[in-house]
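No lab work stands behind these numbers, since they all come straight from the coordinates. Note that the structure is predicted; figures quoted are calculated from it, not measured. Here Cβ is always computed from backbone atoms with ideal geometry, including for glycine, and neighbour counts include all displayed protein chains.
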Amino acid sequence: MGESNLDRFGHLVREARSRRRFNEEAPVTREQLAALVDIARAVPSGANRQPLRYRLVSDAAEREAVFAELMWAGALPDWNGPEPGERPGAYIVVCDAGGGATTAVDEGIAAEVILLGATAAGLTGCMLHAFNKAAVARVLTLPDDLRPLMVIALGAPAETVVLEPLAASPDGSTNYWRDAEGVHHVPKRSLEDVLI
Ligand SMILES: Cc1cc2nc3c(=O)[nH]c(=O)nc-3n(C[C@H](O)[C@H](O)[C@H](O)COP(=O)(O)O)c2cc1C
């Protein structure tokens, strides 16, 4: 018996990890970014309000300006984020055009679909909430009625990430860690732990 569609979907979801180091030389095209947003605009939305707007960032000067406002991997305090050459090739900045109570849910659904789509396309990414929202709005000259919610960093993968059982966590917490070879480990709760 071959892999079922559900097996393949599970594989894609497990492969769609947060990666924070990229091959900066490998281009991410505007067409790829627009294709990801085109898929994300089809997802469910609270009351079908569709409050999200997406700013594509691929130009080198804009990428540098956005990068300067991002905070990477809070659980790795000795790491200040990707070095030149391993920085994201593009960003999608998810913005709120005025949605109401369910905007954050819409944001999460859209962001995961973008990450899954990027993974299916051979790219990788990381959702970021830790960034200077006012500064990103300013450097991208966003209209006043758009509030940046999330930056999704995207690029060609240059980092190995593996899922681990929570029991493997060195300090027993849900914090991710990086080993001596630079492999990034992400502990996840077991099925038994999350089924109630
Ligand atoms: C809502 C949200 C906000 C996040 N913000 C950041 C962030 O600001 N900086 C960062 O490096 N990672 C951020 N992440 C990535 C998480 O750290 C990551 O999802 C977590 O460590 C688990 O790793 P995984 O995505 O590979 O399962 C964010 C993830 C989510 C879902």
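Could you give the length gained on full extension between residue 192 and residue 71, defined as 0.36 nm per residue of separation minus the Cα-Cα distance, in nm?
Numbers: separation 121, 0.36 × 121 = 43.56 nm, distance 3.32 nm.
Separation in residues times 0.36 nm, less the Cα-Cα distance, equals 40.2 nm.
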Please state the relative contact order of the chain as a whole percent: Cα pairs under 8 Å, 6+ residues apart? 28 percent
Assuming 0.36 nm per residue, please report the length gained on full extension of the stretch residue 23 to residue 97 beyond their Cα-Cα distance. 23.4 nm
So for segment 140-196, using the alpha carbon gyration tensor with a ≥ b ≥ c as root eigenvalues (a/c under 1.5 gives rounded; past that, a/b versus b/c decides prolate or oblate), I'd call it oblate
In order through segment 11-18: 3J(HN,Hα) via Karplus (6.51 cos²θ - 1.76 cosθ + 1.60), integer Hz, x for Gly, Pro: 4, 4, 5, 6, 6, 7, 7, 6
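Evaluate Rg over Rh across segment 52-179, taking Cα atoms for both radii and Kirkwood's formula for Rh. Let's see the in-between values first.
Numbers: Rg = 15.6 Å, Rh = 15.9 Å.
Here Rg/Rh amounts to 0.98.
Find how much the distance from residue 132 to residue 9 grows on full extension, using 0.36 nm per residue of separation minus their present alpha carbon separation; answer in nm with one decimal.
On the way: separation 123, 0.36 × 123 = 44.28 nm, distance 3.42 nm.
Result: 40.9 nm gained on full extension.
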Given 146-155, 93-102, the highest-first ranking by average Cβ count within 10 Å works out to 146-155, 93-102
If exposed trypsin sites (Lys or Arg not before Pro) are those in a DSSP loop with at most 14 other Cβ within 10 Å, what is the longest stretch of the chain that has none? 42-188
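Taking other Cβ within 10 Å of each residue's Cβ, how do 144, 38 sort, fewest first?
Fewest-to-most Cβ neighbours within 10 Å comes out as 144, 38.
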For residue 188, list long-range residues whose amide hydrogen, built 1.01 Å from N in the peptide plane, is under 5 Å from its own amide hydrogen. 164, 166
For segment 96-102, in order, what is each residue's ³J(HN,Hα) by Karplus, 6.51 cos²θ - 1.76 cosθ + 1.60 with θ = phi - 60°, in whole Hz (x at glycine and Pro)? 9, 9, x, x, x, 5, 9
In the neighbourhood of residue 179 defined by beta carbon distances under 13 Å, the net charge of the other residues (Lys, Arg +1; Asp, Glu -1) is -2
In segment 1-53, which GluC sites (Glu not before Pro) fall in coil by DSSP and have 11 or fewer other Cβ atoms within 10 Å? 3, 25
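Can you give the charge dipole size of the chain about its Cα centre, rounded to the nearest 20 debye, using +1 on the beta carbon of Lys and Arg and -1 on the beta carbon of Asp and Glu?
Values: 19 positive and 27 negative charges, 91 e Å.
Using only the charged Cβ atoms, the result is roughly 440 debye.
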